[in-house]
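Notes follow the structure.
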Amino acid sequence: MNTAVAIENRITNPLAQDWWTLALCRQTENAADLFFSEELSEISAAKRICAECPVIAECLEGALLRKEPCGVWGGQLFERGRVQLTKRRRGRPRKVPLPEDIFAEVPIPEELKQLIA
């Protein structure tokens, strides 16, 4: 069985959905505001929550397969269905980025890197 089929089976299997109950974002107050924000500081805060989450890989797998249109999923920022490694403020970029403009880096699990195009 190829990897994409194995991942799809795991995501669509109802028993595999139990991971969602363990997600830290479900225990975060105002999670939707934080995980779907346009503010760089809030995006970074969401990524830090993901970095501590025990089900980060399962979340990222699902988001990659669903091509989530936006938000922070599995520690990665999605825009238009693709993982975005950076995001900047509107307007002219600063010569020296503000500390709140620097994202928390959350590594992508090796087995999922093939799903990111």
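The values are calculated or read from the model by the stated rules, or taken from the named source; none is laboratory data. Keep in mind that what you see is a predicted model, and the values were worked out from it rather than measured. Backbone-built Cβ (ideal geometry, glycine too); neighbour counts: all protein chains shown.
Data table
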| quantity | calculated |
| --- | --- |
| Meets criteria (modelled with pLDDT of 85 or more, of a type outside the set (D, E, K, R) and buried (at least 17 other Cβ atoms within 10 Å of the Cβ)) for L22 | no |
| Which listed residue is closer than 16 Å to P107 by Cβ, in contact (Cβ under 8 Å) with a residue 12 or more places away in the chain and not polar (S, T, N, Q), from K67, K47 | K47 |
| Enumeration of residues in the range 17-31 that are closer than 17 Å to L77 by Cβ and either touching a strand residue (DSSP E or B) at 6+ places or on another chain (Cβ under 9 Å) or among the charged types (D, E, K, R) (or both) | C25 |
| Residue satisfying condition, being at pLDDT 70 or above and assigned to a helix (DSSP H, G or I), within set L77, L15, L112 | L112 |
| Number of the exception - E100 against (1) at pLDDT below 90; (2) assigned to a loop (DSSP other than H, G, I, E, B) | (2) |
